[in-house]
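The values are calculated or read from the model by the stated rules, or taken from the named source; none is laboratory data. For clarity, every value in this text was computed on a predicted model and none was experimentally measured. Using ideal geometry, Cβ is built from the backbone for each residue, glycine included, and neighbour counts are taken over all protein chains shown. Note: accessible area is taken over every heavy atom of the protein model, side chains too, but ligands, DNA and RNA are not part of it. Shrake-Rupley method; radii C 1.70, N 1.55, O 1.52, S 1.80 Å.
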Amino acid sequence: MSFGQAGPYGPPGDPQQPNQQPGPLPGPPSGPPPGSQPMPPAGQFGPPPDLSPQAGQPAAQPQPAPQQAQPQPAPQHHPVPPAPPAPWASAPGQASQTPDWDALADTTAARGRRRKWLLVGGGALATVAVAGTVAALVVGSHKGGKSASDLPSAQKLPSSSGSPEPSFSQVAPPPPPNPRDFIASADKDKAPLSTKTLFPHSKPSLDKRKYDRVDTATTEDCASATQGGLGSVLADNGCRKVMRATYKRDGVAVTVGVAVFDTKAAADKAKEQSTGNIASLSGDGPAFCRATACRLTANAEGRYAYFTVAGYLNGKAVPDDDKDALQAGRDVAGYTFRRIMARANSQAAASVASASPSPGNKKQA
């Protein structure tokens, strides 16, 4: 796009600059020189015309000069605010300059060299600081410590006493025995057995209820310690003896009878076949549970079968809704069970202690 020829200009609104209309520029007159051929229009080129005279042809006549082109008025321009100068642009009013690439490269290289020297200098300072710290620590340790010459020599160090150290077997010990195995048969149940070992407490506290032991008895005639058909059941299964004890509390009395057999199977069978009841043992007090209704229990543990009978000391029958005689029978039955298991646990612990080697029997290295 052409905007014509521009004349001199100044800042917008400058009164010193007159409004001038552009005129024709001075120069040679327009049109081709005399005696020359006019140039074909743009885009229409052909072979150059033959300017030499041909035989029989008249000489070329000069062409009249074309009319001079009339000057066209230049378009009006509105002032445009200048763009912000580039970093390398010159001051206003001066011609723009190309940035000095060599100077920029030198500046960048100088910055890189300065950064490199700063890094090198910082690393050197850090190295010197670390070296100084290590040297101070070494000097300080030598001030308060001993030198290598002050340390005891190898000959002064204590030597081993030469005494053998204990060694242990790599074989794992056997698992502890089951306490019930020791009361399952007469072959293993060898601990002393009597009413003193089986019923040692004269005032036992059973589930926070305190009872008084009033009498004990032992007999090898198992049937004589029973009532009803229990005597024949005990005799048929090989009963060895019956041990009885009586406890009382708040007008209620309980007698427990423990029948001893040779095997656990015989005791279990006697419990399953039980009928009748164990005979009450009154001691110096009135008889109870004789030809009257009372609370009965039957259980077995190991080679022992034990039975209880509980009722009132005044001889009254125990009604169906009774709770005192029922609770007393359960308390004494539970106490008897714990006493039988205590016998089993003590024999199991004794067997483990006897099987463990004494300290003097340990192997020495």
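Could you compute Rg(Cα) / (2.2 N^0.38 Å) for the stretch 299-357, with N its residue count?
Against the compact-globule rule of thumb, the ratio is 1.69.
Take Thr197 and Ala124, extend 7 Å from each Cα along the Cα→Cβ direction, and tell me the distance between the two endpoints in nm.
With each label placed 7 Å out from Cα toward Cβ, I get 9.8 nm.
Through the Karplus equation 6.51 cos²θ - 1.76 cosθ + 1.60, θ set to phi - 60°, convert the phi angles of the stretch 298-305 into ³J(HN,Hα) values in whole Hz; use x for Gly and Pro.
After applying 6.51 cos²θ - 1.76 cosθ + 1.60, I find 8, 8, 8, 8, x, 8, 10, 10 Hz.
If amide H atoms are built 1.01 Å from N in the plane of the peptide, which residues on other chains or at least 5 residues away come under 5 Å of the amide H of Thr226?
Amide H neighbours of Thr226: Ala279.
Looking at this model, which pairs from Lys264/Lys323; Lys271/Lys316; Lys190/Lys269; Lys196/Lys269; Lys188/Lys208; Lys203/Lys271 are more than 30 angstrom apart at the alpha-carbon?
Those over the limit are Lys264/Lys323; Lys188/Lys208.
Taking a virtual spin label 7 Å from the Cα of Arg338 along the C-beta vector, which residues in the stretch 235-278 bring their backbone nitrogen under 18 Å of it?
Residues passing the 18 Å test: 245-249, 254-257.
Which order do peptides 180-193, 252-265, 311-324 fall in by mean Cβ count within 10 Å, highest first?
With the highest mean Cβ count within 10 Å placed first, the list reads 252-265, 180-193, 311-324.
Taking amide H positions as placed 1.01 Å from N in the peptide plane, with prolines and chain starts having none, which residues 5 or more places from Leu206, or on another chain, fall under 5 Å of its amide H?
Here the answer is Tyr211, since their amide H atoms fall under 5 Å of that of Leu206.
Mind running the shape call on the stretch 185-254? Use the C-alpha gyration tensor, a ≥ b ≥ c as the square roots of the eigenvalues: rounded below 1.5 for a/c, prolate if a/b tops b/c, oblate otherwise.
oblate
Taking θ as phi - 60°, what are the ³J(HN,Hα) couplings along the stretch 324-340 by the Karplus curve (6.51, -1.76, 1.60), each to the nearest whole Hz, with x for Gly and Pro?
5, 5, 4, 5, 5, x, 5, 4, 6, 5, x, 4, 5, 4, 5, 5, 5
With θ set to phi - 60° and the Karplus curve 6.51 cos²θ - 1.76 cosθ + 1.60, what are the ³J(HN,Hα) couplings of the stretch 110-126 in order, to the nearest whole Hz, using x for Gly and Pro?
So the J values, rounded to whole Hz, are 5, 4, x, 5, 5, 5, 5, 5, 5, 5, 5, x, x, x, 5, 4, 4.
Hey, what does the equivalent ellipsoid look like for the stretch 251-325, semi-axes from the Cα gyration tensor as sqrt of 5 times each eigenvalue, largest first, whole Å?
One finds semi-axes of 26, 13, 9 Å for the stretch 251-325.
Note down the net charge around Val120, summing +1 for each Lys or Arg and -1 for each Asp or Glu among other residues with Cβ under 14 Å from its Cβ.
After counting each charged neighbour, the total is +4.
Between Val171 and Gln273, what is 0.36 nm times their sequence separation minus the Cα-Cα distance? Round to one decimal in nm.
Extra length from Val171 to Gln273 when fully extended: 32.0 nm.
Please report, in debye to the nearest 20, how large the charge dipole of the stretch 230-365 is about its Cα centre when each Lys and Arg carries +1 at its beta carbon and each Asp and Glu carries -1 there.
For this selection, approximately 660 debye.
Would you mind telling me the share, in percent, of accessible area of the stretch 210-277 contributed by carbon and sulfur at probe 1.4 angstrom?
39
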